[in-house]
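One structure below.
The values are calculated or read from the model by the stated rules, or taken from the named source; none is laboratory data. Quick caveat: nothing in here was measured; it's all calculated off a predicted structure. Cβ sites come from the backbone with ideal geometry, for glycine too, and all protein chains shown count toward neighbours. Quick note on the areas: whole protein, heavy atoms, side chains included, nothing else; ligands and nucleic acids left out. Shrake-Rupley method; radii C 1.70, N 1.55, O 1.52, S 1.80 Å.
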Amino acid sequence: MDTFLTILITVLISVAVAISATLFVINVILKKRREKILKEAETEGENIKKEKILQAKEKFLQLKSEHEKFINEKNQQIQHIENKLKQKEMQLNHSNNDLQKKLKEADSLTESLNHQKEIVEKKSAEYDRLHQEVIERIESIAGMSAQQAKDMLVDSMKEEAKTQAMSYINDVMDEARMNASKEAKRIVINTIQRVAPETAIENAVTVFNIENDEMKGRIIGREGRNIRALEAATGVEIVVDDTPEAILLSAFDPVRREVARLALHQLVTDGRIHPARIEEVVEKVKKQLDEEIMETGKRTCIDLGIHGMHMELIKLVGRMKYRSSYGQNLLQHAREVANICATMASELGLNPKVAKRAGLLHDIGKVSEEDSELPHAILGMRLAEKYKEKPEVCNAIGAHHEEVEMISLISPIVLVGDAISGARPGARREVIESYIKRLKDMEAIALSNPGVTKTYAIQAGRELRVIVGAEQVSDKDAEVLSNEIAKKIQNEMVYPGQVKITVIRETRSVAFAK
């Protein structure tokens, strides 16, 4: 047992000695490596330090060179400025010398002028004295004072000047009237020639063509239920008669006729025709037509170069396509008036864009969905004001039938453009009975005045010739009579455009040789 412990202790001591020796050797090796690494690091650090010092010296030399160059340039600039200042100083000295010389000359000239002034004052006093003596001698010879003679001369000169002035004013006014009339005719004629479109008369009946007459029975339906449902949904009277392969759609509202036509087209194409289907198709067509109306308004504004218009106004412009006035398509009329107004505004030096905008919108009151008893011009003006149009545009819309006062130069242009478009031959039509009645009423209004012997309505009712008796009506009364007839026609009648009233008075002397 003791031997085993001895051996164990000996082994442990040997192991400890071996471990200690090994650790010592390892420490020695690590120390040598550390010293080697430190030496290498010091060497590398010295090299980097030397390299950085060289770079810093090079940078310093470069900056020094640039600084010296900058200093030299500044010195040159300062030298240049100093040279300029010296030149200015020399010029100022020279100018000062010249000024001193001129001041001396001015002083001498002032002395001379003072001397001349004294001489002139003496001469003036002598002249006044002699003038007074002459006046006194003339007064004693003429027997009147100078003031009386002066007043007499002034009175005679006033009369002569007044006569010449009146003659000159009359000549100028006659020339101005002639030139103004000639220029106005030139502008109107050029405008009509430049924007003359085709005219088309629209009717209140649309013809719907079908492939065969068998389709008429399907459209009518059992006991007429299909046609009644279609008329109730569209508000259009549908006439199915003996006309081959055709059905008539009758209504004064072109939008309703268009809805009925498109709905019939879809129903005939689809083949399913019954009341429920008819209501469904009519609603669908109405939505499609609303979209087409908006697209038409947008396309019209783009074609005319009009921007920034409210969407509701654009929709009203699109609805004009399905409206007519005396058979004239309202959208074509509005486009024509817009182009006429733009051309006339350009000729007169006004804003053509504002004139074109007012011309396009002047009849929007006719297509408004509001149920109003106001005239269409006033309603259109209020709609334009509601949607933030310019004041001159609103006034032009309201004044194009002279229902409000004109406050801008665009307003009479729109009035004239509307009259030109509506008066174009073939642009509009009237029912012959109402046309004849209007002419007779116009002549009757004129005949109701005392002293009127005959009346003639000419130029399609745009001019009224009134012949009066020379014994009963004087020249002054004729002028009053024309104004009275114009007021009566304006208050009692409805007519397009304007009516010119001409009162004719003549004196005839008759003698017989026997």
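Of note:
- Number of residues in region 467-514 that are small (Gly, Ala, Ser), part of a helix (DSSP H, G or I) and closer than 15 Å to GLY451 by Cα: the value is 2.
- Region 377-397 residues that are in contact (Cβ under 8 Å) with a residue 12 or more places away in the chain and in a helix (DSSP H, G or I), paired with ones that are among the small types (Gly, Ala, Ser) and open to solvent by 40 Å² or more (accessible area, probe 1.4 Å) (beta carbon under 7 Å, 6 or more apart): LEU379/SER372
- Matching residues in region 470-487 - criterion: being open to solvent by less than 40 Å² (accessible area, probe 1.4 Å) and either touching a residue at least 24 places away in the same chain (Cβ under 8 Å) or touching a Pro at 6+ places or on another chain (Cβ under 8 Å) (or both): ALA470, VAL473, ALA478, LEU481, ILE485
- Residue that is assigned to a helix (DSSP H, G or I), exposed (fewer than 10 other Cβ atoms within 10 Å of the Cβ) and either in contact (Cβ under 8 Å) with a residue 12 or more places away in the chain or not aromatic (Phe, Trp, Tyr) (or both), where the choices are LEU38, LEU5: LEU5
- When residues of region 265-296 are limited to those that are within 28 Å of ILE314 (Cα to Cα) and touching a Leu at 6+ places or on another chain (Cβ under 8 Å), the one most open to solvent (accessible area, probe 1.4 Å): GLN288
- Scanning region 284-320 for residues that are touching a residue at least 40 places away in the same chain (Cβ under 8 Å), not in a loop (DSSP other than H, G, I, E, B) and not hydrophobic (A, V, I, L, M, F, W, C) yields THR300, GLU312, ARG319.
- Residue among GLU258, GLU280 that is over 30 Å from ARG382 (Cβ atoms) and of a type in the set (Asp, Glu): GLU280
- Per the listing VAL259, VAL354, the residue uniquely of a type outside the set (Lys, Arg), more than 30 Å from VAL416 (Cβ to Cβ) and part of a helix (DSSP H, G or I) is VAL259.
- Restricting attention to region 230-249, the residues that are open to solvent by 20 Å² or more (accessible area, probe 1.4 Å) and out of contact with any Lys or Arg (no Cβ under 8 Å at 6 or more places or on another chain) add up to 11.
- When ILE306, ILE278, ILE340 are screened for being of a type in the set (Val, Ile, Thr) and either within 23 Å of THR234 (Cα to Cα) or touching a strand residue (DSSP E or B) at 6+ places or on another chain (Cβ under 8 Å) (or both), only ILE278 passes.
- Residue satisfying condition, being modelled with pLDDT of 70 or more and touching a Leu at 6+ places or on another chain (Cβ under 7 Å), within set ILE238, ILE220, ILE247: ILE238
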